[in-house]
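Notes for the one structure printed next.
Here, each number is a calculation from the coordinates, and none is a lab measurement. Note that the coordinates shown come from a computational prediction; the quantities given were computed from them, not determined experimentally.
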Amino acid sequence: MYACEYERPASVDQAVALINGGGQALSGGQTLIATMKQRLAAPGTLVDLGGIKDLQGIRMDGDQLVIGAMTCHADVAESDVVKGAIPALAELAGGIGDRQVRARGTIGGSLANNDPAACYPSAVLALGATVITNRRKIAADDFFLGMYATALEPGEIITAVAFPKAQAAAYEKFKQQASRFALVGVFVAKTSGGVRVAVTGAGSGVFRCAPLEAALNADFSAKAAAAVKVSADGLNSDIHGTANYRAHLIGVMTQRAVAKA
């Protein structure tokens, strides 16, 4: 890695000032540090958000589950609050990467990075969550803009994520065994506004599948999901699986998620 400065601010305002001065935010570091080791990134200053207490923790705020941006995956997976409010979210967090990744990786870092095969974006999108930053609140439908792209602006950092409780929800992931990222992951949520189906791993970023949502809004059953032929148009095709294979997996994972929910 290249030499760089290291800062560990104690407040959001201090962190934002350092970032606006040219620093790079560091949350769990599960992507950034690896990228630096490969010399694909060389920030002059790392701004470690780990010392900001306001960015950590899990709580209920009315009927909303609020998770601080610097809360690690392991804490989400093991939280009785999360298990009581949205069990599917705890299960998703418990299946991310391996123990080391879950102990260091954070929900805020995952969302800001927006890896096209990451698990958390599917939960945020399917549950209709709200991403809270130091400046504003961003609806999930407006947050994800494509591969590694989000609505975050320069100097804007995620402080928390607010999840509304769903009537039913489940996540099913077909893992790429070497990385444990999702070859295809599907999060299904039956919400007060209808059924939402979010897919990760299959395209250039997380997306909602309208044909499956329409079928499940009419009949929330695995049988209804099985009757939908998912189009392969625009899906990834690589050494791990063709676009047609991923389209098939979207259907299968959705059926399993509905049955589990």
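Values as computed for the structure displayed
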| read-out | value |
| --- | --- |
| Subset of K83/K175; K165/K190; K83/K190 violating a 19 Å alpha-carbon distance limit | K83/K175 |
| For Rg and Dmax of the Cα atoms in Å, calculated from these coordinates, the label among (i) 19.2, 76; (ii) 19.6, 64; (iii) 18.1, 57 | (iii) |
| Relative contact order (percent, whole number), region 20-87, Cα cutoff 8 Å, 6+ residue spacing | 26 percent |
| In order through region 196-208: 3J(HN,Hα) via Karplus (6.51 cos²θ - 1.76 cosθ + 1.60), integer Hz, x for Gly, Pro | 10, 10, 10, 10, 10, x, 8, x, 7, x, 5, 8, 8 |
| Rg and Dmax [Cα atoms of region 168-261; Å; Rg one decimal, Dmax integer] | 12.4, 39 |
| Global geometry of region 106-241, whether rounded, prolate or oblate, following the gyration tensor of its Cα atoms and the 1.5 cut on a/c | oblate |
| Region 156-223: C-alpha gyration tensor shape, a/c 1.5 cut-off, then a/b vs b/c | oblate |
